[in-house]
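Below is one structure; the comments refer to it alone.
Readers should treat all values here as calculations from the given coordinates under stated rules, not as data from a laboratory. Values in this document were obtained by computation on a predicted structure and should not be read as measured data. Here the Cβ is made from the backbone with ideal geometry for all residues, glycine too, and neighbour counts use every protein chain on show.
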């Protein structure tokens, strides 16, 4: 049995509206976390991200459990809902969104996750990065081919050019899944949009985690890193984070939702 602490942050950054969305659902046994970063004219990005988060969380809550293959199917259902919403409003015909979703089974101590686009999941153990998702983007392909260094990729002019996102025909949609991961007390996860990881590299995430006693403190430290990195820019992207820290329960396993720092 595992217990969990959660903190969320979603901030418009240097823009007038926030097209990111995130949320979570939990029972005594399961936790489902979802984060999405939308795009599209006429407010379509906002509609896309919120619709996908709500659709996926509702579908999981209706039938909790399953494996990575089942989670991929839920992601496709969210994609179908998004495509249907686009058909109902011509102003939203270009909307799409990234997706990253994490499911944790507290009793079995296991997790699986899926993603599409360049919103990321990071998995930490003992304060060190163990694994992260790889973006479905042009720049990720150039990075893997050795054409770009990680620092060049982080600031590349075409870093937002995606090769997969929800709002795509099912036959063209690429959703990556991690089948099964055994967890330990002390493990931590971070789901975040590119507006955050653009300014916070892997080492900075690890350092902030090691220095933070709670999930809320970790998210607040990451927020500060983004604001420092974006200082002096005329504008910068929305940024969102959903942090999860696992621990051994004291008695019954409980879920603690810690508020993130207020925007500064």
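Numbers at a glance
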read-out: Inverse of mean 1/r across different Cα pairs in region 3-259, Kirkwood, Å; value: 18.3 Å
read-out: Rough spin-label spacing in nm, given labels placed 7 Å along Cα→Cβ, for residue 69 and residue 108; value: 1.3 nm
read-out: Normalised alpha carbon radius of gyration of region 71-138 [divisor 2.2 N^0.38 Å]; value: 1.42
read-out: 222 nm mean residue ellipticity, helices alone, for the chain (DSSP H n ≥ 4; -39,500 (n - 2.57); rounded to 500); value: -9500 deg cm²/dmol
read-out: Between region 165-192 and region 66-86, the Cα center-to-center distance that results, in Å; value: 13 Å
read-out: Relative contact order computed over region 3-259 (Cα-Cα under 8 Å; 6+ residues apart), in percent; value: 29 percent
read-out: Region 30-158: relative contact order in percent, alpha carbon pairs under 8 Å with at least 6 residues between; value: 25 percent
read-out: Equivalent-ellipsoid semi-axes of region 1-73, from the Cα gyration tensor, Å, largest first; value: 26, 16, 8
read-out: Whether region 72-196 is rounded, prolate or oblate, judged on the alpha carbon gyration tensor where a/c under 1.5 counts as rounded; value: oblate
read-out: Equivalent-ellipsoid semi-axes of region 40-98, from the Cα gyration tensor, Å, largest first; value: 24, 10, 9
read-out: Förster radius 35 Å - calculated FRET efficiency between residue 170 and residue 211, Cβ distance, rounded to 0.05; value: 0.20
read-out: Mean Cα-pair separation over length for region 1-66, i.e. relative contact order, pairs under 8 Å, 6 or more apart, %; value: 27 percent
